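Beneath this line is the structure, given in C-alpha cells, with notes to follow.
The values are calculated or read from the model by the stated rules, or taken from the named source; none is laboratory data. Just so you know, these numbers come straight off a predicted model, no measurement behind them. Note that we place each Cβ from the backbone using ideal geometry, even for glycine, and neighbour counts take in every protein chain shown.
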Number of protein chains: 2
Amino acid sequence: MSTAISPLAPTDVPDMPEIAGVRLATAAAGIRYKGRTDVLLALLDAGTTVAGVFTRSRCPSAPVEWCRARLKDAHSSRAGLALVVNSGNANAFTGKTGRQAAKLTADITAKAAGCKASDIYLASTGVIGEPLDATKFNGVLETLVSNAAPHRWMDAAHAIMTTDTFPKVATASVKLGKTAVTINGIAKGAGMIAPDMATMLSFVFTDAPITATALQSLLKSGVEDTFNAVTIDSDTSTSDTLLAFATGAAGARGAPKISRASDPRLKAFVKAFRGVLADLAEQVARDGEGARKLVEVIVEGATSKASARKIAKSIANSPLVKTAIAGEDANWGRVVMAVGKAGEPADRDKLSIYFNGIRVAKSGARDPSYDEAEVSKAMKNDRIQIKTTLGLGKGRDRVLTCDLTKEYVAINGDYRS
Amino acid sequence: MSTAISPLAPTDVPDMPEIAGVRLATAAAGIRYKGRTDVLLALLDAGTTVAGVFTRSRCPSAPVEWCRARLKDAHSSRAGLALVVNSGNANAFTGKTGRQAAKLTADITAKAAGCKASDIYLASTGVIGEPLDATKFNGVLETLVSNAAPHRWMDAAHAIMTTDTFPKVATASVKLGKTAVTINGIAKGAGMIAPDMATMLSFVFTDAPITATALQSLLKSGVEDTFNAVTIDSDTSTSDTLLAFATGAAGARGAPKISRASDPRLKAFVKAFRGVLADLAEQVARDGEGARKLVEVIVEGATSKASARKIAKSIANSPLVKTAIAGEDANWGRVVMAVGKAGEPADRDKLSIYFNGIRVAKSGARDPSYDEAEVSKAMKNDRIQIKTTLGLGKGRDRVLTCDLTKEYVAINGDYRS
C-alpha cells in the first residue's frame, strides 16, 4: 500500500464550513485497519431529502442494493436520516451474509440514532469478498451519535480513505434566492474504479431546501461531466456510490423551496453544485493509484458529444497512451491508435493532435513544423493535456485520467497478499 | 526495448518444412534497426490464391489500405505474387506520403520480381507517424529476388520482429484427399495490440489448391477463436494484418482443387489450419510485452458465446486482474468486478470462480472450503487459468492474455524517446 502523498495532491485545502442540519462523527471500529478511523456517521435533521447514483456494475455490493431500495421508497423522514460509511471492507460479493450485514448495520444505527432502519443509508469500501462483521458496530454507533458535531469534515474525509493518499473535500457557497446556502462534498477514490480496496464513494451535503426529485435530477445531470468523465484504469467498482443530502435548513433563513431542477432560481446553485462534483472528481484523478501526472483528454470535432466521449475514454483508458505519458513521451502515434480502436467515426487524414497546446500531428501526418525539444519540455509538466481534433462535426468532450506507472503495478500486484 | 527472451517462449521450435511454390529471402535495409534484418520477401508461384483479414481500426496504416484494395480485385496472377514485409516503421498515419511509399515499394518489388504492382502484398510494422523512406528498398529487392529460397522460414520469422523476444513459427502437415499438404505460418506480436513498434502481423502459406473465396472464408472463421481471442493490453493496432497464401502446388501431386470452405474433403485441413493459427496466437500471448505468466480466461454458463466473449475480454483486459496475476494473488474479487463491468447478463449470486481448477468462490461468496495455501502455490505457476461459471446458459468462450508487470510499463514508458 502506497503511503507517500500523491505529488498531484491539491496544495490548497479549503476550510470546510458547517452545514445546518448535518452532524458528523468518526471512529475506529477495527474493520480492517489498525490505528486509524474507519467508520463515518453523518446525522441529518428531519426533513432532509436524498438523491443517489450508483455503479452500473451487474454485480453491485450489498450496500449499493440497500441504498437503491431506500431511494425507491424515499420520503423525507420526520425523525431524520443517517449515513454510515465504513472503509476496509466493501461488503461486496458476500452473498446472503452481505445482505444480513447491511441490515444489521442499519438496525444498530437506527437504534442508536432513534430513527427507522429504512432511514439509514450505507456505503462500504475495501476488500471484496470478505464477510463484513457488522457486530463490530455495536456500541460504536452509540458513541458516534453522542459525539456527532457539525465541524468534523476533515475527519469525515479521512475515515473513508482506503488507498487514497490524501483526503478529498470541496465546498462552495452560493445564493439561492437572496439567501446564502452551502454545498460541502467529500470523496474517496484512488480509482473511479475497483482495486479491491478502493472504490469511488462521494457524499455531498447542502442546507438548500430542494425536493428529492429535483435533487436526483441535479445529481444525475451533474455526474455526467464530472465523476463519469474520470477514469483511472477502466475498472468499474462494484461499490461506486454518490449520495446527495439536502437538509433544507436554509429555508428558515428565507431560501425558497425548490421542487424542480429546471427552476430558474436554481441556476447559480446548479453551477456551484457541479463545481463541487468537478472538484472532487479531479481530486480522484489526482490520486489515481501510482499517478504522477494528471491527464486531461479533450476530443473536438467529433460527430456528437457521445462519440467524442467514447473516443476520449478510448484514449484515456489506453495502457499505451498512459505509459507513454509516464515516460514523458509525446507519442501521438498511440493517440491515433486509440482513436482508431474506439470504433467511432474518424477520418485519419483529418486528425490533428496537440500535447499541452503544441500541435504534433495534422491532416493525418506528423506536423512538419513541430519542435521535438519544445514538446519534450512540455511533457515534463505534471499536468498533460492531450487534445485531438477530428474535423468531422461539433461534438466535444473532456475526460480526466492519470498516467500508468510502475507504482500502479506495484500497488495492485503486491496488495492483497 | 526488452532483449531478454520471454520465460514463456516455447521450448519446442518445429523444423519448418519447405512449401512448393513459396520462396523466401530477408535482408537488412536499414529502415530503423542496425545489425539485423528488417525486410522479408516471399515469392509465390503463378496460380497462388490470397486471403486476408485486417485491423478494425478506423485509422488503418497505408499497407493495410493497399492490401485491402488488392484483395478487392483479387485474381490469381499468371506471373506470381510477392509479399514484402518490413519492420521498424509501420507506415501508419503518414498521410499522402504513406500511400506514395506503399506504391513505391510495390513498384520496386514488381520490377525486381517481374510481375505487376497489383500482384504485390505489403505489411509494415514499427513506429507510427514517421515517414517510411521506400527508396531504401531500391537495389535491396533485386538481391532478395535472386536469393529467394524455399527453406528460409526462421530467417523470415526473425526479419519481421519488433519488440518480440522470440520468432514465432508453426507448421502442420495434413491429408487433402490422399495427398499430404503443408501449412506453415509465421507471426510477430508483442501485443495483438499497438505499442508503437509492435503490431500483430501473421502470414500463413500452404501448397493446398484452394480458391481465394474458400481461403477467405477459412481465414475469417479461423481467426475468430485464435487471433481475435488474444489480447495483451486491449490496444488494437493500426496495422494488424493476417494474410494466407495457397500456392496450389499440391494439385500436381493429386490434391483435389477446393472451391468451397464447406467442402467435406477439407475437414482435416480446416482443423490443421486452425491449429496453426491457434499456435501462433498463443505464441503472441506468450510474448506479450513484459509477460511473465500466460493467462487463459474461460467463461462458461453465459447466455451466449458472444456474451461469454465480452465477459472474458473484460476479465482479460482488466488492469487490476492482470496486476493481481503478476503479484501471484488469486484475487477473485477483481474477477467479480470485471464480470460486473462487462455489462452482460450476470447474476452475482450464481457466480463461481476457479483459479487453475481450484474453486475460490461459489454462489456469490467466498468458497468456505478453499485452502489459501493451495491456491497460493497454484498461483506461482507460469500458466494461470481463470474460469468463471455464470450459471445462466450454455455460452462458453476462451481468451488468452498475459499478466501486467512493471516491465510492461518500463518497455512502453521508456520506448520511443
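Determine whether segment A:82-97 contains at least one residue that is within 14 Å of chain B (Cβ to nearest Cβ), over 23 Å from A:S202 (Cβ atoms) and not small (G, A, S). Yes, segment A:82-97 contains a residue that is within 14 Å of chain B (Cβ to nearest Cβ), over 23 Å from A:S202 (Cβ atoms) and not small (G, A, S).
A:I353 meets all of the listed conditions (1) within 28 Å of the chain's Cα centre (by Cα); (2) within 19 Å of A:D397 (Cβ to Cβ); (3) buried (at least 17 other Cβ atoms within 10 Å of the Cβ) but one, namely (1).
Kindly indicate the residue of segment A:126-135 that is touching a helix residue (DSSP H, G or I) at 6+ places or on another chain (Cβ under 9 Å) and closer than 18 Å to A:A28 by Cβ and also farthest from the other protein chains (Cβ to nearest Cβ) among those meeting that condition.
Step one: of segment A:126-135, the residues touching a helix residue (DSSP H, G or I) at 6+ places or on another chain (Cβ under 9 Å) are A:127-135.
Next, only the ones that are closer than 18 Å to A:A28 by Cβ stay: A:127, A:132-135.
Details: A:V127: 7, A:L132: 12, A:D133: 14, A:A134: 15, A:T135: 18 Å.
Only one residue fits best here, namely A:T135.
Do you know which residues across segment B:38-49 are outside any loop (DSSP other than H, G, I, E, B) and under 30 Å from B:L294 (Cβ atoms)? Across segment B:38-49, the qualifying residues are B:L40, B:A42. Restricting attention to segment B:116-123, does a residue exist that is on the phi < 0 side of the Ramachandran plot, buried (at least 24 other Cβ atoms within 10 Å of the Cβ) and either within 12 Å of another protein chain (Cβ to nearest Cβ) or without any contact (Cβ under 8 Å) to a residue 12 or more places away in the chain (or both)? No, the conditions are met nowhere in segment B:116-123. Of the residues making up segment B:4-37, those that are under 23 Å from B:D279 (Cα atoms) and either part of a loop (DSSP other than H, G, I, E, B) or hydrophobic (A, V, I, L, M, F, W, C) (or both) number 19.
Is at least one residue of segment A:307-314 in a strand (DSSP E or B), in contact (Cβ under 8 Å) with a residue 24 or more places away in the chain and surrounded by fewer than 21 Cβ atoms within 10 Å (Cβ to Cβ)?
Quick first cut of segment A:307-314, residues in a strand (DSSP E or B) only: none.
So far as segment A:307-314 goes, no, none of its residues is in a strand (DSSP E or B), in contact (Cβ under 8 Å) with a residue 24 or more places away in the chain and surrounded by fewer than 21 Cβ atoms within 10 Å (Cβ to Cβ).
The numbered conditions (1) away from chain A (no Cβ under 11 Å); (2) part of a loop (DSSP other than H, G, I, E, B); (3) not acidic (D, E) are all true for B:V295 except (2).
The residue list B:V297, B:V284 contains one member that is of a type outside the set (S, T, N, Q) and modelled with pLDDT of 95 or more, which is B:V297.
Condition check ((1) over 30 Å from A:T162 (Cα atoms); (2) out of contact with any Asp or Glu (no Cβ under 9 Å at 6 or more places or on another chain)) across all residues:
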{"position": "A:G251", "(1), (2)": "yes, no"}
{"position": "A:P256", "(1), (2)": "yes, no"}
{"position": "A:D263", "(1), (2)": "yes, yes"}
{"position": "A:A272", "(1), (2)": "no, yes"}
{"position": "A:G275", "(1), (2)": "no, yes"}
{"position": "A:A278", "(1), (2)": "no, no"}
{"position": "A:G288", "(1), (2)": "no, no"}
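Taking each residue of segment A:252-267 that is under 17 Å from A:A51 (Cα atoms) and assigned by TED's automatic domain parsing to the domain that holds A:D45 and looking for partners that are at pLDDT below 95 and assigned to a loop (DSSP other than H, G, I, E, B) with beta-carbon atoms closer than 6 Å, six or more apart or interchain, yields A:K257/A:P209; A:S259/A:T211. Have a look at A:E344, A:E328 and point out the one that is surrounded by fewer than 24 Cβ atoms within 10 Å (Cβ to Cβ), modelled with pLDDT of 90 or more, closer than 21 Å to B:N317 by Cβ and facing another protein chain (nearest Cβ under 9 Å). Answer to the selection: A:E344. Looking at this structure, is A:L219 out of contact with any Ser or Thr (no Cβ under 6 Å at 6 or more places or on another chain) and outside the structural domain of A:Y408 (by TED's automatic domain parsing)? Yes; evaluated as a whole, the condition is true for this residue.
Filtering A:A208, A:A212, A:A246, A:A194 for residues that are crowded, with 24+ Cβ neighbours inside 10 Å, modelled with pLDDT under 90 and not hydroxyl-bearing (S, T, Y) leaves a single hit, A:A194.
Among the residues of segment B:52-67, those that are modelled with pLDDT under 90 and away from chain A (no Cβ under 14 Å) comprise B:G52, B:V53.
Name the single residue that is nearest to B:E300 (Cα to Cα) among those in segment B:349-361 being outside any loop (DSSP other than H, G, I, E, B), more than 9 Å from every other protein chain (Cβ to nearest Cβ) and out of contact with any Lys or Arg (no Cβ under 6 Å at 6 or more places or on another chain). Walk me through how you get there before you give the answer.
Here is the first cut: in segment B:349-361, the ones outside any loop (DSSP other than H, G, I, E, B) are B:349-350, B:352-355, B:358-361.
Next cut, more than 9 Å from every other protein chain (Cβ to nearest Cβ) only: B:350, B:352-355, B:358-359.
Adding the requirement that they be out of contact with any Lys or Arg (no Cβ under 6 Å at 6 or more places or on another chain) leaves B:350, B:353, B:355, B:358-359.
Details: B:K350: 12, B:I353: 10, B:F355: 14, B:I358: 15, B:R359: 14 Å.
Taking the candidates together, the pick is B:I353.
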